[in-house]
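Asks: Questions regarding the structure given below will be posed in turn.
The values are calculated or read from the model by the stated rules, or taken from the named source; none is laboratory data. Because the structure is a prediction, the values reported are computed rather than measured. Using ideal geometry, Cβ is built from the backbone for each residue, glycine included, and neighbour counts are taken over all protein chains shown.
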Amino acid sequence: PLVFVLNGPNLNLLGKRQQEIYGSETLADIESLCHETASRLGLRVDFRQSNAEHVLIDWIHAAREDAAGIVINPAAYTHTSVAIQDALAACPQPILEVHISNIHKREPFRQHSFVSAVASAVISGCGSQGYALALARIAQLVGVPPP
Ligand code: DQA
């Protein structure tokens, strides 16, 4: 089974921006972690990042057709995007919302997520490990026998 792992704006700067919040790992490190984790779980991963809301929406539409599950870190669009919520609401497959930081112990404007209302589950504050946990949960939900 194929899982889309979608990353929103500024996550291309991981490892360079605000290391005290997001750590020193880069998005390439997280992509490697996702591929390793997926192959252990019997999943395949299509890993993508965009700074543009409409590109993320197009990818959610593609995932709706092609993916068994979606892992999404919508980054700042978490807190602003009704359009991303609507796109995800059209997807019947499991949706795991991931945040590297614990958004609930940060600024008040980060504490509302438009995505959580349509997510199967939310993982926030586990660092890059959150992506691996999300893939493990998708494997459970789609019932993949381990390889
Ligand atoms: C984030 C949290 C968001 O509030 C923020 O805008 C991000 C990253 C996280 O992974 O912790 O860019 O989604």
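Asks: Residue check, Val142 against (1) more than 10 Å from the ligand (Cβ to nearest atom); (2) more than 10 Å from the chain's Cα centre (by Cα); (3) without any contact (Cβ under 8 Å) to a residue 40 or more places away in the chain, all met but one. Which one?
Replies: (3)
Asks: Evaluate the following for Pro92: is it away from the ligand (no atom under 16 Å from the Cβ), part of a loop (DSSP other than H, G, I, E, B), at pLDDT below 95 and not small (Gly, Ala, Ser)?
Replies: Values: away from the ligand (no atom under 16 Å from the Cβ): yes; part of a loop (DSSP other than H, G, I, E, B): yes; at pLDDT below 95: no; not small (Gly, Ala, Ser): yes.
No.
Asks: Moving to a separate point now. Can you pull out every residue in segment 86-97 that is surrounded by 20 or more Cβ atoms within 10 Å (Cβ to Cβ) and more than 13 Å from Leu135 (Cα to Cα)? Working first, answer last.
Replies: Initially, segment 86-97 is screened for residues surrounded by 20 or more Cβ atoms within 10 Å (Cβ to Cβ), giving 87-88, 94-97.
Result: Ala87, Leu88.
Asks: Please state which of the following conditions Val98 fails to meet, knowing it meets all the rest: (1) free of Cβ contacts under 8 Å to residues at least 60 places away in the same chain; (2) more than 15 Å from the ligand (Cβ to nearest atom); (3) touching a helix residue (DSSP H, G or I) at 6+ places or on another chain (Cβ under 7 Å).
Replies: If we test Val98 against (1) free of Cβ contacts under 8 Å to residues at least 60 places away in the same chain; (2) more than 15 Å from the ligand (Cβ to nearest atom); (3) touching a helix residue (DSSP H, G or I) at 6+ places or on another chain (Cβ under 7 Å), just (2) comes out false.
Asks: Of all the residues that make up segment 1-53, how many are at pLDDT 95 or above, within 11 Å of the ligand (Cβ to nearest atom) and basic (Lys, Arg)?
Replies: Residues that pass the stated criteria total 0.
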